[in-house]
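One structure is given here, and the rest of the page talks about it.
The values are calculated or read from the model by the stated rules, or taken from the named source; none is laboratory data. Note that the structure is predicted; figures quoted are calculated from it, not measured. Because the Cβ atoms are built from the backbone with ideal geometry, glycine has one as well, and the counts that use them run over all protein chains shown.
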Amino acid sequence: MKTRLLMAVILLLGVALGWGLSRYTGTATMATAAAEKTLYTCGMHPQIVQDHPGNCPICGMKLTPIRKQENGANTAADANAIIIDPVTVQNMGIRTALVTRGPLRRVIRAVGNIETRENALTDVTTKFKGWIEKLYVDTTGQQVRRGEPLFDIYSPELFSAQTEYLLTLNVHDEALRQSATRKLKFFDFTDAQIAELEQTRQPQKTVRVYAPADGFVIEKMAVAGQMVEAGMRIYQLANLDSVWVQAQIYERDLAFVKVGQEAAVTLSYLPGREFRGRVAYVYPNVDEKTRTVRVRLELGNPDLFLKPGMFTEVQLVAELESAALLVPDMAVLRSGEQNTVFVVLDGGRFEPRTVKLGATTGNDMIQILDGLNEGERIVTSGQFMLDSESQLREAIQKMLKPDNAAAPTAKKMTTLYTCPMVEHAEVVNDKPGPCPKCGMDLVPTSTVAHGKQAEAAWRKQHPTEKK
């Protein structure tokens, strides 16, 4: 009895084991058959992938078989990675760099023009009516120093004031004398001129007027023999020991500009020489036409090389972060919808990684906020060819993906068709036919890299229908 029971148990175990083995073998055979399925693509348009030979619907070239990858994908990163032969990598001219940390600086470049400081202008006028007898500074642009003679002038008022002062010297009335002295000083008589008048005891017909400040004559309004009224401008002097630079800063850069910030000013026709200055003022209004804000810089000009009216190039540097994650800007592939960087793995593999970008620096580096780690090696040159290979890999995975996720009760899936040109991805139809924009034959969305984009456009147009 026990022997029969034991034989029955062994028989049942054998049947169960055989059934499980046959099921596993069938599944493995299906997966192997799917993996060994030969696919064809276009060398010029890798997004075109199909399971039978033919011609590319875009350029008409003959489709070529796709070489299968030898290594299996065991991780999520490996599943997205592509394998390139080392010789091919060398021929493609691929260059790499490390993801590093460093200071993040925002470099702001602008144009500007040099102006005379408003507080460096001096007007030379008279406080009395008179006639200019002689000009000592007779040309615009001439440089003068404080105390140098400018012109001689005859004025009846000034002659009368001198006479009154001399009369007070003969009487012993100190108050009257001080009043006459103040009158001369109100007419801009210097102490030396008053002392000379007191010594000579003779009123001067003409009085010499001296420069009140250092500077260059930028305006000359009188000539010898001319009559001038009280308050009339005769000269205007400009001190150029320091100058202003009015820089035009775009709105997007305004947040990085502060008063006191150091600036570098250069001239396009004078390479190698740099002038240092600081931000003195940020104007409160925006130019409606150029959308820029004026920022005033103040620069020393000891050798008087900088001249008002010169055009300059201005560079401001703002420190944003001391240890930001940085990569070369040329390493980022921008597609409009996402930014991609290719990470170098071992065994000749390259993984496309979606990254989140931050601010750019002045040395062609860009901040990475998410997607990369410090020390990883990335591709900086030749990544466009890797991107084509990545699109091809994505299309292959779509073709080889087993369709075993559909439930028995699911509705029949609708096949959508789109234009093989990515520029016409919005052209979607549930029936094959020509593209209304370029006339090319529509292809199934599953055979092109922009298929998901096309399907999303279809769902937006037909919200009640499901693909």
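Details
- Qualifying residue in the range 119-140 (condition: out of contact with any strand residue (DSSP E or B) (no Cβ under 8 Å at 6 or more places or on another chain) and under 30 Å from Val295 (Cβ atoms)): yes
- Any pair with Cβ under 6 angstrom, 6 or more apart, that starts in the range 221-234 at a residue that is over 16 Å from Tyr136 (Cα atoms) and surrounded by 12 or more Cβ atoms within 10 Å (Cβ to Cβ) and ends at one that is among the basic types (Lys, Arg) and modelled with pLDDT under 95: Ala230/Lys127; Ala230/Lys129
- Residues of the range 423-440 classified as under 15 Å from Gln461 (Cβ atoms) and either acidic (Asp, Glu) or at pLDDT 85 or above (or both), total: 2
- Test result for Ala359, outside the structural domain of Glu376 (by TED's automatic domain parsing) and assigned to a strand (DSSP E or B): no
- Hits in the range 115-163 (condition: touching a Ser or Thr at 6+ places or on another chain (Cβ under 7 Å) and in a loop (DSSP other than H, G, I, E, B)): Arg117, Phe128, Lys129
- Residue within the range 299-314 that is surrounded by 18 or more Cβ atoms within 10 Å (Cβ to Cβ), among the small types (Gly, Ala, Ser) and in a strand (DSSP E or B) present: no
- The range 317-338, residues that are under 16 Å from Val379 (Cβ atoms) and either of a type in the set (A, V, I, L, M, F, W, C) or in a strand (DSSP E or B) (or both): Leu326, Val327, Pro328, Met330, Ala331, Val332, Leu333, Arg334
- Yes/no for Ala449 being under 20 Å from Tyr40 (Cβ atoms), surrounded by 15 or more Cβ atoms within 10 Å (Cβ to Cβ) and at pLDDT 65 or above: yes
- Put simply, of Gly362, Gly358 the only residue that is modelled with pLDDT under 80 and within 30 Å of Gly102 (Cβ to Cβ) is Gly362.
- Selection from the range 161-185 of residues that are surrounded by 12 or more Cβ atoms within 10 Å (Cβ to Cβ) and of a type in the set (Gly, Ala, Ser): Ala161, Ser179, Ala180
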